[in-house]
């Protein structure tokens, strides 16, 4: 059990170091796949009104990949010569069209572009809109990611340095995208030779869709969960090609970042995923004390600073 406390600055570092050492020893002895780091925030979690009030710059270009408005990519290109490392950014919002789409993370696209990182921010049809859900939502994400190979030369994108970054429901889709090459040939989501980045940073991401599924109707509304899977949720195979915990990922580096005060996707959700894939995948867990759900995607907040550091580390890997 990990308890969250509020120690002095010097004690915080000693406790964090001790926790990391203890976790490393436990990991070595129990063959688990987790490493847990605790970071401290100094302000209260940001709320929805403040998050909605953030200025969101326009992207460099909007690239449609389908006939629906949601089937569009926001591309942010740095004002430099390139080639540029790439963040594939996938927004959250409960898999629901009742929330904002890719527009909600435009401020992150602009922030990353200023740092010399191109951002491929994916819009997709959600579970409660025409054509979305299973299989459409997943097919949209797959199509948008695979389009990178065609567009990379035009925009000077370096696909050898690409990281998938998703927030909340988008974290689920980012983790899923990292396992697309493991899909069964019989799945409706299977495509030949997909582009699968091997680095993932999930921000309050949902990795084990099955264990999180009881909460989805309460948080996101009725019908969302049922539309996200291929069969009845009581079917043993319902999550076979939609839950990252079942798919896993081939030789991927995965970081799960959680806000300790996140009431929507608490840190145990990341822990559930790490446990479910520990036999074949190493997952690093990072918990940001004092941070809520939206601190991880708000510039100037400690949560985003931690996320950014992990994104830059993943791109350098």
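The numbers here are math on the coordinates, done by the rules we state, and not lab data. What you see is a predicted model, and the numbers here were worked out from it, not measured in a lab. With ideal geometry, Cβ positions are generated from the backbone for all residues, glycine too; neighbour counts draw on all protein chains shown.
List of remarks:
- Hydrodynamic analysis of segment 82-202 uses the Kirkwood radius over alpha carbon pairs. Inserted into Stokes-Einstein at 25 °C and 0.890 mPa s, it gives a translational diffusion coefficient of 169 µm²/s.
- Across segment 162-210, Cα-Cα pairs farther apart than 17 Å form 36% of the total.
- Geometric extent, Cα atoms of segment 227-317 - Rg, Dmax (angstrom): 15.0, 44
- Averaging the sequence gap over all C-alpha pairs within less than 8 Å and six or more residues apart, then dividing by the number of residues, gives the chain a relative contact order of 21 percent.
- DSSP bridge pairs, segment 57-183: antiparallel proportion in percent, nearest 5: 40
- Relative intensity, log₁₀ I(q)/I(0), of segment 135-194 from a Debye sum that treats every alpha carbon as a point, q = 0.16, 0.20, 0.27, 0.28 Å⁻¹: -0.55, -0.83, -1.25, -1.28
- Note on segment 156-278: Rg/Rh from C-alpha atoms, Kirkwood Rh, equals 0.96.
- When both bridge partners sit in the chain, DSSP labels roughly 20% of those beta bridges antiparallel.
- Within segment 164-195, backbone nitrogen closer than 18 Å to the virtual label 7 Å beyond the Cα of residue 316 toward Cβ: 164
- Within the listed set 290, 207, 47, the residue fluctuating most in the Gaussian network model of the chain (springs between alpha-carbon atoms under 10 angstrom) is 47.
- Per-residue extension of 0.36 nm, minus the Cα-Cα distance of residue 149 and residue 58, leaves a gain of 30.4 nm for this segment.
- Using a Förster distance of 51 Å, the FRET efficiency for residue 160-residue 98 (Cβ separation, nearest 0.05): 0.85
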